[in-house]
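Enquirer: Could you have a look at this structure, given as structure tokens, before my questions?
The values are calculated or read from the model by the stated rules, or taken from the named source; none is laboratory data. What you are looking at is a predicted structure, and each value in this text was computed from that prediction instead of being measured. For neighbour counting, all protein chains shown are included, and Cβ atoms are generated from backbone atoms with ideal geometry for every residue, glycine included.
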Amino acid sequence: MNKSLFIKILLIFLVHINASAIEKVVLFGDSLMAGYGLPKEHHLSLVLENNLKQAGFNIQVVNGSVSGSTSSGGLNRAEWSLSDPGIDLIILGMGANDMLRGIQPDETKKNLEQIIKIAKEKEAKILLDRFGLKHRFNNLPSQLSGGEQQRVAIARAIA
């Protein structure tokens, strides 16, 4: 996805959810979010934070991603990685390495559900919740309304 389009979609999303109440966002994912192989100035966390500041938001974006991470690796580090009480929003972007390594989708889903549970215990919001789709986590695309399908497309673009 075009990085500029990604940033625009995320800015629209943040305006929609009252970004003024958000001070710290953590990117919690794999190499796609960590910026593997990119110069530091092109890492998503820096680009996103700079774009948010240009748009008038004073939001710190922390890169909590690890290249090569699977959902089980994310789960293993979730408790301590997400322990900062100042985290307002977590953008969870994991699962690609699970697919590449042939990990069963049910295991990936279970791990992601546990990461979400840990985040909620820490009182942080997960991007999926903010799109109003948590109750549809187990549904197939054909079981979603047109509006829900659009929100899924936006959430995937952001993740």
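Enquirer: Can you pull out every residue in the range 53-65 that is buried (at least 16 other Cβ atoms within 10 Å of the Cβ) and either out of contact with any strand residue (DSSP E or B) (no Cβ under 7 Å at 6 or more places or on another chain) or among the basic types (Lys, Arg) (or both)?
Expert: Within the range 53-65, PHE57 is the sole residue that qualifies.
Enquirer: Still on this structure: If you go through the range 140-153 one residue at a time, do you hit one that is within 25 Å of LYS24 (Cβ to Cβ), modelled with pLDDT under 85 and outside any helix (DSSP H, G or I)?
Expert: Initial filter on the range 140-153 (within 25 Å of LYS24 (Cβ to Cβ)): 151.
Next, only the ones that are modelled with pLDDT under 85 stay: 151.
Still in the running and outside any helix (DSSP H, G or I): none.
Looking through the range 140-153, none of the residues is within 25 Å of LYS24 (Cβ to Cβ), modelled with pLDDT under 85 and outside any helix (DSSP H, G or I).
Enquirer: Follow-up. Name the one entry in LEU128, LEU75 that is modelled with pLDDT under 85 and within 21 Å of LYS24 (Cα to Cα).
Expert: Working: LEU75 fails: modelled with pLDDT under 85.
None of the other options fit; the residue is LEU128.
Enquirer: Continuing with this model, one more query. Residues that are assigned to a strand (DSSP E or B) and within 28 Å of THR108 (Cβ to Cβ): does the range 63-70 have at least one? Reasoning before the result, please.
Expert: Initial filter on the range 63-70 (assigned to a strand (DSSP E or B)): 63.
Restricting the remaining residues to those that are within 28 Å of THR108 (Cβ to Cβ) gives 63.
Yes, the range 63-70 contains at least one residue that is assigned to a strand (DSSP E or B) and within 28 Å of THR108 (Cβ to Cβ).
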